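A quick write-up on the structure given underneath.
The values are calculated or read from the model by the stated rules, or taken from the named source; none is laboratory data. Computed from a predicted structure; not experimentally measured. Please note: Cβ atoms are built from the backbone with ideal geometry, for glycine as well, and neighbour counts cover all protein chains shown.
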Amino acid sequence: MILAIDSSIGTSVALADGDGRLLATAGETDHLSHAEVIGTLIRRVLDEADAAPADVSAVASGMGPGPFTGLRIGIAAARAFAVARGLPVIPVVSHDAVAAEFLESGVSRDLVVVTDARRREVAWSRYAAASGSRAPVRAVGPLLAARESFTVEDADRVDAVEVSAAHIALLAAMTLSGERASDADEPVYLRAPDVTLSTRKKVSQ
């Protein structure tokens, strides 16, 4: 089984079989409660699927783009679960999961996935319409753009308000089977955290 976790927007957790077929899913849209709900959501999907932590064979982690604080909570939870069980972590760019969900219905044009990056900015990625693969092919992104001036041409635009952990799990299954290349195991923050360590001033003698 694959346990998938994403906290790039809200918090989404899913449990799927080795082929990526969904067994259980749970989520919370509040983007300020990642730390409070993530443990409960993991337990919920395991209970719903009548599974135990020992039944999980891999952990899929949504890597963003997303705000620093929220995104790192989901990634830390995925890595902690994996370390505790001695399991591999499969990184998945969160925009790819959004694209996978929409490409299932078939599209004739490129797809641009857009998410709120705050500070009057959006994060965006562009995907090829016809790639010959079940997995979305990211042509550009993720990148940041000013919200008011960002426009999309010759493509279908999807303004995502959530990321499906079920599709994170599906893409992870494709990665494990060799159908899809692995994403980089690095969070996609797109900008530095709001809080930085202060530099201690030298005291003159």
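Before moving on, here are some points about what is shown:
- Considered as a group, the residues in the range 85-110 that are modelled with pLDDT of 95 or more and assigned to a strand (DSSP E or B) include one that is surrounded by the most Cβ atoms within 10 Å (Cβ to Cβ), and that residue is Val92.
- In the range 42-73, residue surrounded by the fewest Cβ atoms within 10 Å (Cβ to Cβ) [restricted to those that are in a helix (DSSP H, G or I) and of a type in the set (A, V, I, L, M)]: Ala54
- Qualifying residue in the range 165-172 (condition: surrounded by 12 or more Cβ atoms within 10 Å (Cβ to Cβ), in a loop (DSSP other than H, G, I, E, B) and either in contact (Cβ under 8 Å) with a residue 24 or more places away in the chain or on the phi < 0 side of the Ramachandran plot (or both)): no
- Per-region count, the range 126-150, residues without any contact (Cβ under 8 Å) to a residue 40 or more places away in the chain and in contact with a strand residue (DSSP E or B) (Cβ under 9 Å, 6 or more places away or on another chain): 11
- Tally of residues being of a type in the set (Ser, Thr, Tyr) and touching a helix residue (DSSP H, G or I) at 6+ places or on another chain (Cβ under 8 Å) across the range 134-191: 3
- Pro67 being touching a His at 6+ places or on another chain (Cβ under 9 Å) and of a type outside the set (Gly, Ala, Ser): yes
- Considering the range 139-161, the residues that are surrounded by 18 or more Cβ atoms within 10 Å (Cβ to Cβ) and not hydrophobic (A, V, I, L, M, F, W, C) include one that is nearest to Ser12 (Cα to Cα), namely Pro142.
- When residues of the range 4-30 are limited to those that are buried (at least 18 other Cβ atoms within 10 Å of the Cβ) and farther than 23 Å from Ala135 by Cβ, the one modelled with the lowest pLDDT: Glu28
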